[in-house]
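Student: One structure follows; several queries about it will come next.
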Amino acid sequence: MESENKKKTKTPLTIEQKIKRRNFISFGAFFALSGGAFAGWKWLLNAQNETPGITAGARKPLRKAMNKTELFFRNFFSNKHLAKTYPKERAVKNVRVNGLIGINDDKDFDPMAWQLEVEISRTKSLKIGIEEIKALPKTEIIFDFKCVEGWDQIQHWAGVKMSDFIVHFGLDELAEKGYMGLETPNGRYYVGLEKDSVLHPQTILAYEMNGQPLTINHGAPLRLIIPVKYGIKNLKRIGKMFFSSTRPKDYWAKRGYDYYSGL
Amino acid sequence: MRWTHWVNFPVLAIMIWSGLFIYWANDAYGISIFGFSVIKFFPQWFYQYFHIPHRLAEGMAFHFFFMWFFAINGLLYIVYTIFSGAWRELVPKRNSFKEAWQVLLYDLHIRKTTPPQNKYNAAQRIAYTAIIIMGAGSLITGLAIYKPVQFYWLCWLCGGYHLARIFHFALTIGYVLFFTVHIIQVVLAGWNNFRSVISGFEVVESEPGITKKETEKLPENGIGEQKED
């Protein structure tokens, strides 16, 4: 670059001029780029939130980035990658209760009358009682439950493997649609899960914790335990299950969180 | 490749800022000696002042976006440093640790003799190599806590989820300390040196007049000869 400059000018530049010139160019570039970066940052900071839909509450460009990042990291997902498991003694006795949305806002709920509703089609649904679920092979898991807030706890759960449940009730074809939606009976809390995570061998429909039936605050009679996701996806007190080819609505994804939230 | 230095500065700042949003949601760390809590990260006024509370979702969105820039920028720097041969000026040599001690004594005005110096002195070699390793450490521990199931082996390598989080946090504290010392050193090194970090060369006065020596990316008081452009 410099030698070119030299050729163009008739009298060779003095060293001082060269220094000045190079400094001018460098600093000019530096300030222009800094200004550009700052403008870019301001733009991102002040970017509008996405139009509320299945997801909401995040800046538009950041939501786009989250979704792209999801696609990238889904490449690394495998059913062979298992969450680390622990011996029973490591499981905590006092299991943390962190959220009660869909539970403490539903005073009329009767656990005895509960049945899981599985939507087969727009008009047809299965009603499955807890005894039917308990009759299926039981799977136990003691793993480190991770909350999006940053805490984690080694917990002991037992129930039926989701993949077993799906096969047993002939839902395989529906599961191929790509997504599963789950809701509490009152519809206040809801999550959406992509097929891979649903069929992960450690994903279970749990009815026991520490060898005892679930308590109300831990999601009795039946809850989801999905170690490949943060706690926010581990829906308590499942009322309805359905399948969809598009993302089902998701409580926290509507509040600015990543839809995928996979671990 | 001094540009990567300048890209890193705002990106790292954003990572720390958004990291605080995440940390706030479960601010469990502190330092205690014999059961007495010495430091609790962070005091309430600190959170209030920087508007940290209740921004977890936002923090995660920023953190997991800018992580890409942090990673790519760092990778570019490392690849460049390896292929340009610039690593020779950067990596500590066998006697660097001994010399670094001399640098420290000299900088603290305890010792008068100037320690040996090429582009970087021994202390700089150690510090700048360490900061690169720290950057890699942040990426690895970050990935380990970001996808602890898919990258279970990374998580294992970091000593588990808890330890990985602590490392990730401690490295950040390390950056802040590095930054503080770095700024003091830059101020002490003076304008000519600082200018070189932007323009890529440093002006050296010599007997007959002014000659110019080009130096490549000079974060601190170095006078080296190196070709660039």
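Throughout, read-outs are computed from the coordinates displayed, never taken from laboratory work. Note that the coordinates shown come from a computational prediction; the quantities given were computed from them, not determined experimentally. Cβ: placed from backbone, ideal geometry, glycine included. Neighbour counts: every protein chain shown.
Student: If you take each beta carbon of peptide B:59-70 and count the beta carbons of other chains within 10 angstrom, what is the mean?
Tutor: 4
Student: Listing A:Asp250, A:Asp110, A:Asp105, A:Asp152 from the residue with the fewest other Cβ atoms within 10 Å to the one with the most, what is the order?
Tutor: A:Asp110, A:Asp105, A:Asp152, A:Asp250
Student: Same structure again: Could you tell me which of B:His109, B:Trp87, B:Cys158 has its Cα farthest along the dipole of chain B towards the positive end, charges placed at Cβ (Lys, Arg +1; Asp, Glu -1), taken about the Cα centre?
Tutor: B:Cys158
Student: Suppose every Lys and Arg Cβ carries +1 and every Asp and Glu Cβ carries -1, with no other charges. What dipole size does region A:60-255 come out with about its Cα centre, to the nearest 20 debye?
Tutor: About 760 debye.
Student: Here's something else I'd like to know. Shape of region A:60-255 from its Cα gyration tensor (a ≥ b ≥ c, root eigenvalues): rounded if a/c is under 1.5, otherwise prolate when a/b > b/c, or oblate?
Tutor: Rounded shape, in that the Cα axes give a/c under 1.5.
Student: Taking the Cα centre of region B:85-196 as origin and charging only Cβ (+1 Lys, Arg; -1 Asp, Glu), how large is the dipole, in debye to the nearest 20?
Tutor: Roughly 240 debye for region B:85-196.
Student: Have a look at A:Val118, A:Gln155, A:Gly178 and report the one farthest towards the positive end of the charge dipole of region A:60-255, computed about the Cα centre with Cβ charges (Lys/Arg +1, Asp/Glu -1).
Tutor: A:Gly178
Student: By the gyration tensor of its Cα atoms, with a ≥ b ≥ c the square roots of the eigenvalues, what is the shape of chain B: rounded for a/c under 1.5, prolate for a/b over b/c, or oblate?
Tutor: Taking the square roots of the gyration eigenvalues as a ≥ b ≥ c, chain B is prolate.
Student: With a ≥ b ≥ c the root eigenvalues of the C-alpha gyration tensor of region B:21-156, is it rounded (a/c under 1.5), prolate (a/b larger than b/c) or oblate?
Tutor: Cα axes put region B:21-156 in the oblate bin.
Student: Turning to a different aspect of this structure: In whole percent, what relative contact order does chain A give with Cα contacts below 8 Å and a gap of six or more residues?
Tutor: Computed value for chain A: 22 percent relative contact order.
Student: Of A:Glu149, A:Glu183, how do they rank once you tally other Cβ atoms within 10 Å and put the fewest first?
Tutor: A:Glu149, A:Glu183
Student: Please report how far the C-alpha centroid of region B:1-54 lies from that of region B:170-193, rounded to the nearest whole angstrom.
Tutor: One Cα centre to the other: 18 Å.
Student: Summarise the partner chain shielding of B:147-157 as one whole number: the mean count of Cβ atoms from other chains within 10 Å of each residue's Cβ.
Tutor: 5
Student: Follow-up. Using packing as a proxy for protection, rank B:81-87, B:130-136, B:42-48 so that the peptide with the highest average count of other Cβ atoms within 10 Å comes first.
Tutor: B:130-136, B:81-87, B:42-48
Student: Evaluate the relative contact order of chain B (contact order divided by residue number), counting alpha-carbon pairs under 8 angstrom at least 6 apart; express in whole percent.
Tutor: Averaging sequence separation for qualifying contacts and normalising by length gives 16 percent for chain B.
Student: Got a sec? Which residues in region B:148-168 would a label at B:Ile31 touch, if it sits 7 Å along Cα→Cβ and we count backbone N under 20 Å?
Tutor: B:163-168
Student: Also, I was wondering about something else. Can you give the FRET efficiency to the nearest 0.05 for A:Glu132 and A:Asn49, using r as the Cβ-Cβ distance and R₀ = 35 Å?
Tutor: Computed FRET efficiency for A:Glu132 and A:Asn49: 0.20.
Student: Going by C-beta contacts inside 10 Å, put A:Arg188, B:Arg88, B:Arg55 in order with the fewest on the left.
Tutor: B:Arg88, A:Arg188, B:Arg55
Student: Simple spin-label model, 7 Å along Cα-to-Cβ: B:Lys93 to A:Lys93 in nm?
Tutor: For B:Lys93 paired with A:Lys93, the spin-label model returns 6.3 nm.
Student: So which of A:Lys127/A:Lys249; A:Lys93/A:Lys249; A:Lys64/B:Lys40; A:Lys124/A:Lys236 end up more than 28 Å apart by C-alpha?
Tutor: Result: A:Lys93/A:Lys249; A:Lys64/B:Lys40 exceed 28 Å.
Student: Rounded to the nearest 20 Debye, what is the dipole magnitude of the protein assembly as shown about its Cα centre when Lys and Arg each give +1 and Asp and Glu each give -1 at the C-beta?
Tutor: Here the protein assembly as shown has a charge dipole of around 920 debye.
Student: So if R0 is 45 Å, what FRET efficiency would B:His162 and A:Glu176 give, r being the distance between their Cβ atoms, rounded to the nearest 0.05?
Tutor: 0.75
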